[in-house]
Amino acid sequence: MLQQTQVVTVVPYYHRFMQHFPTPFHLSRADIQRVLKLWEGLGYYSRARNLHRPPARWSPGMPAGCPEDPRRFSRPSRRGRLHLRGSLEHRLQPGHRCRGWQCQTGAGAAFRIGYPRQSKRCTPLFPAIRDRLICHLRPGDFNQAMMELGALVCRPKHPDCAACPLADHCRAYQDRATAEYPKRDSARKVPHRHLAISVIVKKDKLLVVQREMEGFLGGLWEFPAIPMDPAGAAPGAIEAGMAETTGLTIRVVRRLTRIRHAYTHFTLSADVYLCRYVAGRVRLRQNPSHRWVSLKGLTRLPMHKANHKFIDALTAAWDEGGRASGRCAW
């Protein structure tokens, strides 16, 4: 959970997760939708899916703990390199060679590495630096300390050099060049996508579709959406697009709101439309499954943040539309 996420954000997620899944055996018996729901809002949902997979091979009679042999550890879990390295460094006994060290910000400044940390020239430099500095008796504690140093002291912007225990050994500090490190890649233009999201209502139920389990936001639920021109679209274009995507004949009632959201590799804007079901059966072109759920039922499904951003507006519109009759009047 802590990879690319601040501790203050992770703590409540961790406590909830451990309350529901105190052991790997409990996790292995849980439905993946429940796992994703508890992970909801934390991002990087493939981590939740990968965490759910390994214990499926476990049983109550299997020995507890982390395997001593790294090859045995990585086979059943199929974890990424960072997961494996981090787990091993906090588990293995003194004398084992540990390879993970994520504090590249501090290393870039201390050794004045003149390449961006993601560049091919920079990649082979860090193992040599790590082997010179790492404490082989307590590799996990050392790794944790260096990550804390990079997060709290040797920050990419506004480093607190006065509080840094490595200042006397830092070449960037000695040369008064801390503002120049770590070197960064030239800014890349972030792609932008625009969608038209349809909230389709049928007898007080809303249509939601599930994303493919593997891939971006895998396994999460969302309202049907189609690519659309940011300048807006005529209701007829939205109705035609939804007919092709869902197999349904719908009518656009009105535009509800516009939301914006930023992901790691692109930004998103979307116009949200309230729509009324007219005819047809759901025949999805891409998504594996669908459900008709009540507004309250949405809270039980794992949904990504972009959809959560208009739930309040949807609830207000629903209350307004159903105030007179006790049900939604769309």
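Which percent, to the nearest 5, of DSSP beta bridges fully inside region 156-312 are antiparallel?
Here the share of antiparallel DSSP bridges comes out near 70 percent.
Run the reach check for LYS205 against aspartates and glutamates, Cα to Cα strictly under 19 Å, same-chain hits fewer than 8 apart removed. What comes back?
Straight-line reach from LYS205, under 19 Å: GLU222, GLU239, ASP312, ASP319, GLU320.
Of the beta bridges DSSP finds with both residues in region 239-304, what % are antiparallel, to the nearest 5? Write down the numbers at each step before the final one.
Working: 12 of 12 bridges.
For region 239-304, the DSSP antiparallel bridge percentage is about 100.
Express the relative contact order of region 192-322 as a whole percentage, based on alpha carbon pairs under 8 Å and six or more residues apart in sequence.
Relative contact order, region 192-322: 33 percent.
Which lysines, if any, have their Cα less than 29 Å from the Cα of LYS203, not counting same-chain residues under 8 positions apart?
Correct list for LYS203: LYS37, LYS296, LYS305, LYS309.
Based on the alpha carbons, how large is the Rg to Rh ratio for region 192-322 when Rh follows Kirkwood?
Reported Rg/Rh, Kirkwood definition of Rh: 0.92.
Can you return the lysines within cross-link range of LYS157? Criterion is Cα-Cα under 24 Å, with same-chain partners fewer than 8 residues away left out.
Here the lysines satisfying the reach criterion relative to LYS157 are LYS120, LYS183, LYS189.
Please sort 167-179, 245-257 by packing, taking for each peptide the average over its residues of neighbouring beta carbons within 10 angstrom, highest first. Mind dumping the intermediate values first?
Values: 167-179: 14.7, 245-257: 17.2.
Packing order, densest peptide first, comes out as 245-257, 167-179.
For a quick protection proxy, order the peptides 270-278, 205-213 by their average other-Cβ count within 10 Å, most packed first. Mind showing how you got there, number by number?
On the way: 270-278: 21.1, 205-213: 18.2.
Result, highest mean Cβ count within 10 Å first: 270-278, 205-213.
Tell me the net charge near HIS265. Cut-off is 12 Å between Cβ atoms, HIS265 excluded, with +1 for each Lys or Arg and -1 for each Asp or Glu.
+3
Show the residues, 5+ positions off or on another chain, whose built amide H is closer than 5 Å to the amide H of LEU195.
Sorted by chain and number, the residues that satisfy this are MET228, SER269, ALA270, ASP271.
Any read-out appearing in this document is the output of simple, stated calculations on the displayed coordinates, not a laboratory observation. Everything numeric here is computed off the predicted structure, so don't read it as measured data. Neighbour counts are summed over all protein chains in view; Cβ atoms, including those assigned to glycine, are modelled from backbone coordinates with ideal geometry.
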